[in-house]
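Here is the structure we will look at, set down as C-alpha cells.
The values are calculated or read from the model by the stated rules, or taken from the named source; none is laboratory data. For clarity, every value in this text was computed on a predicted model and none was experimentally measured. Here the Cβ positions follow ideal geometry from the backbone for every residue, glycine too, while neighbour counts run over all protein chains shown. The accessibility values were calculated without ligands, DNA or RNA, using every heavy atom of the protein model including side chains. Shrake-Rupley method; radii C 1.70, N 1.55, O 1.52, S 1.80 Å.
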Amino acid sequence: MKLGAATAHGVRCLLALLDESDAARVGERLQLAPAEGTPSHGGWQALRHQGGSVLGWLLESDLPEVNRQLLAGGHLPPGLRRDVLEGVRFGPGGAGSGPLPPPVVEQRAGQADAPEAELPELPALIDQLRTAAHPGSLTRARAAAAGLRHAHWPELARADRERPLPGYARWALVEHLDCPDELRRAFGESPRYRHRLRQAGIHPDPRELFWCQAPAVRVAALLELGRWGFPERLAPVERELRALVRDEVGGNPEAWAVLAQLLPDFVGTLPELITTAGVIAGGPGG
C-alpha cells in the first residue's frame, strides 16, 4: 500500500500511540519507513496554519533546538525574537535556553550580517496601541504588539487597568502568542469571544486543539511537532488519544489501512477519523 508523504507522516504519528509490537506490525503492513527523530516538513507547515498557542507552547519548553528552529523559520515576532536571542526563559519551570546567535542565512559574497533592528520601548508601544480605536486600525495595533517582549506583560496589564485600551488594541494583544491566559480572560469571557480566539489559533488547553480542530491530517502533523517541542503539555492529550486508538482501531492492520485511505481528505477531527476508521473496519479486532 503506497502512501503519500503527508499521509505517511500522519499515520506514523498516530502509530506511536500503539504498543511498539503492534505499531511495527501495522507499519510493515502499510510499508511505512521508520519515523524520523525530528518533526517533518508537514509539522512546520501545520504550524504556519495554526500558530497562536502552538508557538507559545514551543517557546515555553525552553529547548535550544526548538528555539533555533523558531528563529530560522521566521516564526517569531520581533520582540520575542530578541528575547530568544538573549536567552529569556518562557516556561515556568524551564532551565532557559541560554543566548542564541542569529540563525545562519545564505548570503552573497561580501554581504555583511544584517544587525538586529532596534525595538521601541514599552511606553512607545502602549502609545501606539492607544491609537487603535477606529475601524482599520487593527493592522497598526498588531504591528505595535509585535514589538512586545516577554517581560512587558505585567506593565501592559497595569496600563490597561489604569486606562482601558481600545478594542482593536486588546484584540491584537489576545492573539499574540505570548499573551498570558489571565490577561486574555480579563479581556473577555463570552462564547463569541472564545470562538474568535479559537479561530485565531488560541487554545488555553491543548486538548481543545487536538480533539476539536480539523482537518485531521494537519492536527496529526501538530501532534508530531508537539512530541518533539512541547511533550509535557502534550502528555495528557496523548494519554486520551492512546486510549481512543486502543478502543477503536487497536493493532488491526485493516483498520489502519482504512485510516490511511481516509486521512488525506478527511474534513473532521482526529478523534472522528480514528472512530470512523474503526467502525468501517469492524473495530480493533477486525
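What residues qualify as long-range amide H neighbours of GLU175, i.e. H under 5 Å apart, gap of 5 or more or another chain, H built at 1.01 Å from N?
Amide H to amide H, under 5 Å and 5 or more residues apart or across chains, GLU175 pairs with nothing.
For an R0 of 41 angstrom, estimate the FRET efficiency from the Cβ-Cβ distance between ASP181 and ASP265 and round to the nearest 0.05.
Step by step, r from the Cβ atoms, then E = 0.75.
With unit charges on the beta carbon (Lys/Arg positive, Asp/Glu negative), name the residue among ALA186, ALA133, LEU197 whose Cα is farthest towards the positive pole of the charge dipole of the stretch 129-286.
Of the candidates, ALA133 comes out farthest on the positive side.
Under the √(5λ) rule applied to the eigenvalues of the Cα gyration tensor, what semi-axes describe the equivalent ellipsoid of the stretch 160-271? Give them in Å, descending.
35, 14, 11
Just how far, in whole angstrom, is the stretch 8-23 from the stretch 263-281 if you go by their alpha carbon centroids?
Cα centroid to Cα centroid, the span is 15 Å.
At 0.36 nm per residue, and after removing the present C-alpha to C-alpha distance, how many nm does the segment from ALA5 to ASP205 gain when stretched out fully?
69.1 nm
Quick check: the distance between the Cα centres of the stretch 226-240 and the stretch 171-190, to the nearest angstrom?
23
In deg cm²/dmol and to the nearest 500, what is the mean residue ellipticity at 222 nm of the chain if only DSSP H runs of at least 4 residues count, each as -39500 (n - 2.57), divided by the residue total?
Estimated from H runs of four or more residues: -17000 deg cm²/dmol.
Using the Cα centre as the reference, give the magnitude of the dipole from point charges on the C-beta atoms of the chain (Lys, Arg: +1; Asp, Glu: -1; all else neutral), rounded to the nearest 20 debye.
The dipole magnitude comes to about 720 debye.
Of GLY10, GLY73, HIS176, which is farthest on the positive side of the dipole of the chain, counting Cα position, with +1 on Lys and Arg Cβ, -1 on Asp and Glu Cβ, and the Cα centre as origin?
It is HIS176, whose Cα lies furthest towards the positive end.
Per 5 Å bin, what percent of the C-alpha pairs of the stretch 121-189 does each bin hold, from zero upward?
That works out to 3, 19, 34, 29, 13, 2, 0, in percent per bin.
Which one of ARG194, ARG161, ARG89 has the biggest mean-square fluctuation once the chain is modelled by GNM with Cα springs under 10 Å?
The residue with the greatest mean-square fluctuation here is ARG161.
Determine how large the accessible area of HIS9 is when every protein chain is in place; take a 1.4 Å probe and give Å² rounded to the nearest 10.
50
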